[in-house]
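The values are calculated or read from the model by the stated rules, or taken from the named source; none is laboratory data. The structure presented is a predicted model; accordingly, all values stated were derived computationally and were not measured. When we count neighbours, we look across all protein chains shown, and the Cβ atoms used for this are built from the backbone with ideal geometry, even at glycine.
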Amino acid sequence: MIRQLGVRQLGEEKEEGLSPYAVKSKLSRGRRREEAPCPIRTVFQRDRDRIIHSKAFRRLKHKTQVFIAPLGDHYVTRLTHTLEVSQIARTIARALNLNEDLTEAIALGHDLGHTPFGHVGEDVLNELYQYGFRHNEQSLRVVDRLEKDGQGLNLTEEVRDGLLNHSKPRDDISGGDGGRPSTLEGAVCQIADAIAYVNHDIGDAVRAGIITELDLPLSSVKVLGISNSQRINTMVTDIIENSWAARGNEADNTDKPVIRMGSPVLEATNTLRDFLFERVYNVHSAQEEAITARETICRLYGYLTEHEDRLPLEYSAYRDDSSRRVVDYIAGMTDGYATRLASELVP
C-alpha cells in the first residue's frame, strides 16, 4: 500500500520533463465534481480508462464510419477509426513531448456522440431536431450527462474541451474556423482525426469498388505517396517538423506554438479530401443503403416523439424536453439496433 501511494506522484514527476507547452496532470483545471485522487493513475489516465469502460465506447464497434452495412469484414467502423486516431495522435504527441495520456483520452472519446449510420445519421438528426445536432457536442453530452445512468463520467476540463473542439470544417483539414482546442494535445487529436479518416476512407472506397488508387489526384499522390502507409507517414512527419516549436526548444519563441502541416502537404491533403467528397461521400449519400438509413432515423424520430412512453426509463428520467431525450436515445443507437427497433415500433 505504501508503494501504491507514490505511483501517481511518480507519474506526475515524470511529466515535469514534458514540453513547457504540455498540460501537466497535477495542473489540470480539474473536474466539475471534486473527487479524491487515484493513488496509481494521473487524472488523464483515469479519464482514458473511464472512456474505454463506458457503454458508448463499446457501441462504437457497431456504428458506421462511412459505408453502411458493407459486405466485408475489413471495412472501417467507428471503433477502428477511433483506435487509428489514437495511434496517430499519440505518435505526434510523443514526438513533440506533449502529454500522451491527455492526447489518448481525447482521441478515444472524440466520437462517443456519433449517430448510427455515420454522417447520414448526423445530418438527419440535425435536420429534424429544432436546435440542431452536432456529434462533437453530443460526445460532450455523453460524458457529462448520459453515461452511468445520468451521472456522467466527470472528466477533466482539458478532455472535455478536446471532445467539444475536435471537429473541423469540411473545406479545410487544418481546422480553419472550426473549434479550436485550448490545449496542444487537443489540437493534435483534431488533426489526427482528419489524417485517419482521409486515409482509411480511401481504402474503404477502393475496397467497395467506387474508386481505384489510380483515380487519386496526381498532385496529391506526388506529395503524399500512393499507399495508405506512405500518405500517413508523410502527413505525420510533416506535422512534427512544422510543429517542432511545441517541444519548447526554441529559446527565442515567445508565441504559443500551433499544430500544423506545411503548405505543400496541407494543400495536397485538402485536395485529397475534396476528391473524397466529390467521388465518395456525396455519391455514397445517394446510394440505397444511405437512403434507407435516412428513412430509418426519420421513422424512429417521428414515432418516438409521439410515443415518449417507449423510451427506456433512463432517458425518461432526464429533465430535458421530450425531443432532446429522443435525440439522445437515437444518437446512442448502433446501426443494427436502430434498424431492428424501427421495424418493431413503426407500422
Test set (1) farther than 30 Å from R207 by Cβ; (2) modelled with pLDDT under 95; (3) of a type in the set (G, A, S) - A246 fails condition number: (2)
Helices (runs of 4 or more DSSP H) contained entirely in segment 213-312, each with at least 2 residues that are out of contact with any Lys or Arg (no Cβ under 9 Å at 6 or more places or on another chain), in contact (Cβ under 8 Å) with a residue 12 or more places away in the chain and hydroxyl-bearing (S, T, Y): 288-306
Among (1) over 23 Å from Q138 (Cα atoms); (2) among the acidic types (D, E); (3) at pLDDT 90 or above, the one test that D335 misses: (1)
The one condition in (1) of a type in the set (D, E, K, R); (2) more than 30 Å from S19 (Cα to Cα); (3) at pLDDT 95 or above that E308 fails to fulfil: (3)
